[in-house]
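Q: Input: one structure, supplied below.
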Amino acid sequence: MPKRDDMRSNSPKRRTRGSTDAKRRGDPGFADFRIADSPFYLLARTMGRYSIDMENALHAIDMDLPSWRALMIVAETNPSSVSEIADRAVMRLSTMTRVVQRLEKRGLLKVRRRKGDARVTEVYINSRGVSAARRVRDIASRFYNLAFHDFDAAQIDALNALLRRVFANLALQPEVLAPEIRRVRRRSPLV
């Protein structure tokens, strides 16, 4: 049964010709802003639900979300530098360094200095890491299939394209858009 606030946001009354458009309703700078119409609120709410449920499922196999991200990234691009993993996972480098160290200690990853540039730490997945990644992917697959069971391939392509576009837009001149926020520029904003 949908909750009251979910039913309100889907009401036909909100979509009448005289009502304010969705772009304005989703913008906190406008008087007619409605949090239920904010794309960021909806993204955060969706991600929050996924994160809590996924974290609980991962706990059963002694894993967590940051470790899952790191394993998946290295499994896909082996080796990867710690900074590349942090960029792709959209995490602080210091946090990702600790995640990689934990995974190395558990015997799921190997870490070496890059030949020719000892400043760069390269991360390699090993056979135990590949096995762990498979178990995590099985869990993630269940959530994916639950969330997208009623989506077709074209809808998933469209959703992914929109999310990539929003992500890229957020990397555009943050110092101009929000000068009060000091932000480290990501090296690869479109990943």
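The values are calculated or read from the model by the stated rules, or taken from the named source; none is laboratory data. Keep in mind that what you see is a predicted model, and the values were worked out from it rather than measured. Cβ placement follows ideal geometry from the backbone for every residue including glycine, while neighbour counts extend to all protein chains displayed.
Q: Among the candidates M72, M96, M91, which residue alone is closer than 30 Å to R137 by Cα, assigned to a loop (DSSP other than H, G, I, E, B) and in the same structural domain as I139 (by TED's automatic domain parsing)?
A: None of the other options fit; the residue is M91.
Q: What's the number of the only condition in (1) surrounded by 14 or more Cβ atoms within 10 Å (Cβ to Cβ); (2) within 19 Å of S51 (Cβ to Cβ); (3) not basic (K, R) that V90 fails to meet?
A: V90 satisfies every listed condition except (1).
Q: Which pairs do you get when a residue that is basic (K, R), found in region 27-46, comes within reach of a residue that is in a loop (DSSP other than H, G, I, E, B), reach meaning Cβ atoms under 8 angstrom, with the pair 6+ apart or on two chains?
A: R34/G26
Q: Continuing with this model, one more query. Checking the structure you have, find out if any residue of region 120-141 is at pLDDT 95 or above, surrounded by fewer than 18 Cβ atoms within 10 Å (Cβ to Cβ) and of a type in the set (D, E).
A: yes
Residue by residue, here is whether (1) at pLDDT below 95; (2) basic (K, R); (3) farther than 30 Å from S38 by Cβ holds:
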position	(1), (2), (3)
V100	no, no, yes
R106	no, yes, yes
D117	yes, no, yes
F151	no, no, no
A158	no, no, no
R164	no, yes, no
A168	yes, no, no
A171	yes, no, no
I181	yes, no, no
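Q: Across region 33-62, what is the number of residues that are in a loop (DSSP other than H, G, I, E, B) and either under 17 Å from the mean Cα position of the chain (by Cα) or β-branched (V, I, T) (or both)? Reasoning before the result, please.
A: Looking only at region 33-62, we keep the residues that are in a loop (DSSP other than H, G, I, E, B), and these are 33-34, 38, 60-62.
Now narrow it down to the ones that are either under 17 Å from the mean Cα position of the chain (by Cα) or β-branched (V, I, T) (or both): 61.
Qualifying residue count, region 33-62: 1.
Q: When you look at G26, is it over 14 Å from the mean Cα position of the chain (by Cα) and surrounded by 15 or more Cβ atoms within 10 Å (Cβ to Cβ), yes or no?
A: yes
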